[in-house]
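A.B. asks: Attaching a single structure in structure tokens format; questions to follow.
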Amino acid sequence: MTHPNNLKSHFLLDPEVVFLNHGSFGACPKPVFAAYQAWQLELERQPVAFLGRRIDGLLSEARTALAAYVNSDPDDVVFVANATAGVNTIAKAIPLHAGDEILTTDHEYGACMTTWGRVAAPAGAVIVERKVTLPLLSDEAFVEEFWAGVTPKTRVVYLSHITSPTALTFPVAEICRRARAAGIISVIDGAHAPGQIPVDLHQIDPDFYTGNCHKWLCAPKGSGFVYVRREHQEYVHPLIISWGYRDGDTFISRHQVQPTRDPAAFLTVPTAIQFQRDHNWDAVRQQCHAAAVDLRNAINAWSGLQALCSDDHFAQMFTVEVPPCDPAVVKDRLYEEYRIELPMFNWQGKPCLRVSIQGYNTTQDADHLLKALREVFEPR
């Protein structure tokens, strides 16, 4: 999967490492990182002018660019450090009462499930995890299976747009549509979605959505966002209370006027968006998906194990089960002996590895992983 525009040369990644783990923290292209550093230098030239006089206008411009990218009103989107901070902001804001149920799946990100647990317990609310039948082959089947978990006590539905452990793409728009019709609050964790698949918040129409910009959008680390539907904004507060409450006390002012922080990552988001536009990212994503399908099928053919989903239910990132092993040991061997960087873990008692294919990856990277897996596992 070598791209004609030679995207590999645009990234700062170590050329000695086969980097198949874009999904964990992302990777920032050189021109985007240069813009990030330029913002930091500009801040340091005159910190008082930058943070005291200019920052509101600069953040407004960045929010406007981001909102256009996800098809939202700029006044409904605020920057946060990452999607986990976003889930914390949302979960701590939603009023919960004894007996309320938070309906979710058994594929959600562990840190965020910890957040929901810590928020639900003092209120006497209950988390209900719906098991997702695998392989995932049909949006309709998923929706019906998930929605069967709704009861008169369901207060919130919370699920990922693209799951972290299993890399499955869930049909969140239909879940949000049903939730709105039923008077249930919808919360979507889009940590892995922006940049990997199109995100249209007008079409999804959630009550809350949070996403990362530093992952698949390739913005600097520390850039994420929270979308809040207008009717909920009055009771959604930032994790830190500061001067924004004296500046009109609007949804934007509360979240934007924060204690001293480096806003450079937020301000660089428009540059990341433009980088992907300049490099025809729709085509890049399609090429990456095709390469991911080929590699996933090759790994499953080698292992003889079942795929977790159809080709249509993942994008540039996929998870596969591997033969019995200690994932930590295999992960270390892949890195130390083959210089392959990817996550391996036990998921629901099964050893798995997750592979990310980004525009800088090549056919040689895929071949190297297949060769390494055969040598590490065989004879089995």
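The values are calculated or read from the model by the stated rules, or taken from the named source; none is laboratory data. This structure is a prediction, so every number in the text was calculated from the model and none was measured. Positions of Cβ are backbone-derived with ideal geometry, glycine not excepted, and every protein chain shown enters the neighbour counts.
Condition check ((1) surrounded by fewer than 24 Cβ atoms within 10 Å (Cβ to Cβ); (2) modelled with pLDDT of 95 or more; (3) in contact with a strand residue (DSSP E or B) (Cβ under 8 Å, 6 or more places away or on another chain)) across all residues:
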residue	(1), (2), (3)
D207	yes, yes, yes
T210	no, yes, yes
G224	no, yes, yes
W243	yes, no, no
R246	yes, no, no
S253	yes, no, no
V257	yes, no, no
A264	yes, yes, no
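A.B. asks: Between A83, A125, A93, A121, which is within 20 Å of the chain's Cα centre (by Cα), closer than 30 Å to I175 by Cα, aliphatic (A, V, I, L, M) and assigned by TED's automatic domain parsing to the domain that holds Y227?
C.D. replies: Numbers: A125 fails: within 20 Å of the chain's Cα centre (by Cα); A93 fails: within 20 Å of the chain's Cα centre (by Cα); A121 fails: within 20 Å of the chain's Cα centre (by Cα).
Step by step, each of A83, A125, A93, A121 is checked, and only A83 is within 20 Å of the chain's Cα centre (by Cα), closer than 30 Å to I175 by Cα, aliphatic (A, V, I, L, M) and assigned by TED's automatic domain parsing to the domain that holds Y227.
A.B. asks: From (1) surrounded by 13 or more Cβ atoms within 10 Å (Cβ to Cβ); (2) out of contact with any Pro (no Cβ under 6 Å at 6 or more places or on another chain); (3) over 29 Å from D282 (Cα atoms); (4) of a type in the set (A, V, I, L, M), pick out the condition that doesn't hold for A328.
C.D. replies: (1)
A.B. asks: What number goes with the only condition from (1) surrounded by fewer than 16 Cβ atoms within 10 Å (Cβ to Cβ); (2) part of a helix (DSSP H, G or I); (3) of a type in the set (A, V, I, L, M) that L295 does not pass?
C.D. replies: Answer for L295: the failing condition is (1).
A.B. asks: Kindly indicate whether any position in the stretch 33-41 is farther than 30 Å from I340 by Cα and loosely packed, with under 14 Cβ neighbours inside 10 Å. Walk me through it before giving the result.
C.D. replies: First, the residues of the stretch 33-41 that are farther than 30 Å from I340 by Cα: 38-41.
Add one more test, that the residue is loosely packed, with under 14 Cβ neighbours inside 10 Å, and what stays is 41.
Scanning the stretch 33-41, I find at least one residue that is farther than 30 Å from I340 by Cα and loosely packed, with under 14 Cβ neighbours inside 10 Å, so the answer is yes.
The rows are residues; the columns are (1) touching a Cys at 6+ places or on another chain (Cβ under 7 Å); (2) free of Cβ contacts under 8 Å to residues at least 60 places away in the same chain; (3) outside the structural domain of A193 (by TED's automatic domain parsing).
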| position | (1), (2), (3) |
| --- | --- |
| T268 | no, no, no |
| R285 | no, no, yes |
| D294 | no, no, yes |
| W302 | no, no, yes |
| Q306 | no, no, yes |
| S310 | no, no, yes |
| V320 | yes, yes, yes |
| L334 | no, yes, yes |
| T362 | no, no, yes |
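A.B. asks: Continuing with this model, one more query. So P194 passes all but one of these: (1) more than 18 Å from D311 (Cα to Cα); (2) touching a helix residue (DSSP H, G or I) at 6+ places or on another chain (Cβ under 6 Å). Which condition number does it fail?
C.D. replies: (2)
A.B. asks: Ok, one more. K8 fails exactly one of the following numbered conditions: (1) free of Cβ contacts under 8 Å to residues at least 60 places away in the same chain; (2) part of a helix (DSSP H, G or I). What is the number of that condition?
C.D. replies: Condition not satisfied by K8: (1).
A.B. asks: I need the helices (runs of 4 or more DSSP H) fully contained in the stretch 20-105, keeping only those with at least 3 residues that are of a type outside the set (S, T, Y), more than 28 Å from Y158 (Cβ to Cβ) and without any contact (Cβ under 8 Å) to a residue 60 or more places away in the chain.
C.D. replies: On the way: elements: 22-25, 30-45, 55-69, 83-93.
Those helices (runs of 4 or more DSSP H) span 30-45.
A.B. asks: Here's a follow-up. Which ones in the stretch 62-104 are of a type in the set (K, R) and buried (at least 23 other Cβ atoms within 10 Å of the Cβ)? Please lay out each step first, then the result.
C.D. replies: Step one: of the stretch 62-104, the residues of a type in the set (K, R) are 63, 92.
The answer is R63, and nothing else.
A.B. asks: Now a separate question. Scan (1) under 23 Å from P15 (Cβ atoms); (2) free of Cβ contacts under 8 Å to residues at least 60 places away in the same chain for the single condition N346 breaks and write down its number.
C.D. replies: (1)
A.B. asks: A further question on this structure: Please go through the stretch 76-97 and give me each residue that is touching a Lys or Arg at 6+ places or on another chain (Cβ under 8 Å) and either modelled with pLDDT under 95 or closer than 21 Å to V257 by Cβ (or both), ordered by number.
C.D. replies: D76, V77, V78, F79
A.B. asks: Quick check on my filter: what residues within the stretch 17-69 are farther than 30 Å from A291 by Cα and aromatic (F, W, Y)?
C.D. replies: Y36, W39, F50
A.B. asks: In addition: Looking only at the stretch 48-58, decide whether some residue is farther than 14 Å from Q256 by Cβ and within 20 Å of the chain's Cα centre (by Cα). Break it down into steps so the answer makes sense when it comes.
C.D. replies: Step one: of the stretch 48-58, the residues farther than 14 Å from Q256 by Cβ are 48-50, 53.
Those still in the list that are within 20 Å of the chain's Cα centre (by Cα) too: none.
Checking the stretch 48-58: not a single residue is farther than 14 Å from Q256 by Cβ and within 20 Å of the chain's Cα centre (by Cα).
A.B. asks: For the stretch 261-313, which positions are of a type in the set (F, W, Y) and in contact with a helix residue (DSSP H, G or I) (Cβ under 7 Å, 6 or more places away or on another chain)?
C.D. replies: Taking the stretch 261-313 first, the residues of a type in the set (F, W, Y) are 266, 275, 281, 302.
The answer is F266, F275, W302.
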